[in-house]
Each structure stands twice: as C-alpha cells, then as structure tokens.
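First comes the structure, then the notes that go with it.
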Amino acid sequence: MSAATRELALVTGASRGIGRAILERLVDDGLHVLNLDIAAPTVVDQHETYIAVDLSDESALNAALVRATQGRSITRLVNNAGIVRPACIDAATRVDLQAVMALNVAATIACVQAVLPAMRAAQFGRIVNISSRAALGKGERIVYGASKAAVHGLTRSLALELAVDGITVNAIGPGPIATELFERVNPPGAPATQRILNTIPLRRMGLPAEVAHLVASLLDARAGFTTGQVMYVCGGMTVGLAP
C-alpha cells in the first residue's frame, strides 16, 4: 500500500517506548503515521513522517501541528507523549506541576483541537489518550497522578461533546510496561524489580506491543460504539481499584 493511499494517524511521542510500539503497529495495520516527538527515532519508517517538536512549548507545538495537518486529513489521534517528575507532596513544586500539565494535558488538548476540523468534515474520528494507572493513586506521583486524572476527565468530556460528530474518545492506562526506560531504572532480577512483579496478578511485566494492540483496536473503524472509557493494560493490578 502506497503512502498516498494510507489513512493518516498522528501519534505524539512515537520515537521510542510505548509510542514506538504504537507507531509500528499502526504502520502494520496500513496507516501512515505522523510522529511528533522531541527526540528523533533511531530509524524513520517509510510510512512515518517525523516532526521534531517540544510538545510542552505552546508556540512550537502550534507550528508543528499546522505543519502536520496542512493539506492532510488526519482522522486518528493518539496522545501518548508525557513526563513524570516523581515527587511526594512535600517535594512537589509549582514548576513540576506546570511542566507536567503543559505536556500531559495542555498538549493533548492542542492536538485534539488541531485534528478536529478534518474529523468533523469526515464525520469520523478516533482519539486515544494514553493515561496511567497512577491516576488511581500512587506514592510519589502527586503531580503526575493529578495530570493523568485530568486526562480521564478530559477524555469523558470530549467523548460527550464529539459523539455527535462520529468521533470516539477513549483512554488507556498502562501498568508496569517493559520499556527501555523502565528496565534502566528497574533492572531485571533486581529485588526492587521483583517486588513490582509480585504486585502484578499475571506475575510479569506488560509489553509495549500489548498496549499498542488495544490502541489499534480502539482506532479501528469498527470500534464505533466504545467511547468515554478508561481501559487499563496492567496485568490485573487495577482490579478492585478502578471506579
């Protein structure tokens, strides 16, 4: 399938980790993916358009979104990019809050606004926001958890507003996923890593491809009756916790 005949998806933070797995899955599914990320991918796929941008910089993001959407009809959006800034309540700062909210929430809203005209014109759209099970509560995630809880509220409100336009909006909350970053902080076989595994009912880490699979399912044209939902890819960790 040539790039000209492929439908378009925009994925933020798709150069590595979960975002890269999402991009690779969508390319396999026949989409052309626009990747907005501050870091360049190791290899740019032939069905990928990489646009370098700091998504937390409002003016830079707006310029990148104009470039991404100009002359293109993007009907699928995955808001994946995010930062953590771990801190307990005594150490959390306003600077942390502003930085995390700028990327995890404000950039998500800006990306939705940018693709809405094309989705409304098509009377079809799929939006998936990558959240975190930390939104349900986790130590030393005061600012991060608050931002992801905001993503849940945003997801539900958008779902209600955009349903009339044939646009679905859902969120996915990953649990511990075996990305390069996670394994760098939590080496396989280390006692601290084993303690994390012991809290997961499936007794293993999740894979980026498993998050990508649910994302791809929600982006599918046949997933038109699922909207406003928060789904967890967590190996069972949130059973009994999610509202």
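Restricting the stretch 16-36 to residues that are surrounded by 22 or more Cβ atoms within 10 Å (Cβ to Cβ) and without any contact (Cβ under 8 Å) to a residue 40 or more places away in the chain, which is farthest from T69 (Cα to Cα)? Among them, the one singled out is L23. The single condition among (1) within 22 Å of G145 (Cα to Cα); (2) under 16 Å from the mean Cα position of the chain (by Cα) that A216 does not meet is (1). Within the stretch 154-172, the set of residues being in a helix (DSSP H, G or I) and either of a type in the set (S, T, Y) or more than 16 Å from G82 (Cβ to Cβ) (or both) comprises T155, R156, S157, L158, A159, L160, E161, L162, A163, V164, D165. Report yes if some residue within the stretch 72-82 is among the β-branched types (V, I, T), buried (at least 16 other Cβ atoms within 10 Å of the Cβ), under 17 Å from the mean Cα position of the chain (by Cα) and closer than 18 Å to G19 by Cβ; otherwise report no. Yes, that holds for at least one residue. Is it fair to say A39 is under 19 Å from G82 (Cβ atoms) and surrounded by fewer than 16 Cβ atoms within 10 Å (Cβ to Cβ)? Answer is yes for this residue.
When the test is whether a residue is at pLDDT below 95, surrounded by 14 or more Cβ atoms within 10 Å (Cβ to Cβ) and within 16 Å of the chain's Cα centre (by Cα), V115 does not pass it. Pairs linking a residue in the stretch 180-193 that is touching a residue at least 40 places away in the same chain (Cβ under 8 Å) and under 15 Å from P208 (Cα atoms) to a residue that is small (G, A, S) and surrounded by 10 or more Cβ atoms within 10 Å (Cβ to Cβ), with Cβ atoms under 7 Å and 6 or more positions apart or on different chains, are E180/G17; L181/G17.
The values are calculated or read from the model by the stated rules, or taken from the named source; none is laboratory data. Since we're looking at a predicted model, the values are computed, not measured. Because the Cβ atoms are built from the backbone with ideal geometry, glycine has one as well, and the counts that use them run over all protein chains shown.
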